[in-house]
Amino acid sequence: NRLAGDKILSGKHHKDVRKLMNEARIPLELRSRMPVICDDSGIIAVPECAVRDGAKANEKTNNILCVNIIFN
């Protein structure tokens, strides 16, 4: 789960996860339940909001991780 102050690298800047969720219009009641996908370098992705630069699939991509998120 996200923590206060979490940021994701986008371009040359870090963006606040809270702000990204607000911009993506994620309902407040879902924000605390949204997973934040991380590796040793930090946040890789916030579903429906952002994917870290360098983690996006491109023509050189060999492997892709697919994550399905279901809220009940």
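The values are calculated or read from the model by the stated rules, or taken from the named source; none is laboratory data. Everything numeric in this text was worked out from a predicted model, so none of it was measured. For the accessible areas, the whole protein counts, side chains as well, though only heavy atoms, and no ligand, DNA or RNA atoms are used. Shrake-Rupley method; radii C 1.70, N 1.55, O 1.52, S 1.80 Å.
Name the strands (runs of 3 or more DSSP E) wholly inside the chain in which the number of residues that are open to solvent by less than 70 Å² (accessible area, probe 1.4 Å) is 3 or more.
Ranges flagged: 7-10, 42-46.
So how many residues does region 15-72 have that are basic (Lys, Arg) and under 16 Å from residue 1 (Cα atoms)?
Initial filter on region 15-72 (basic (Lys, Arg)): 15, 18-19, 25, 31, 33, 52, 56, 60.
Of the ones still in play, those that are also under 16 Å from residue 1 (Cα atoms) are 18-19, 31, 33.
Selection size over region 15-72: 4.
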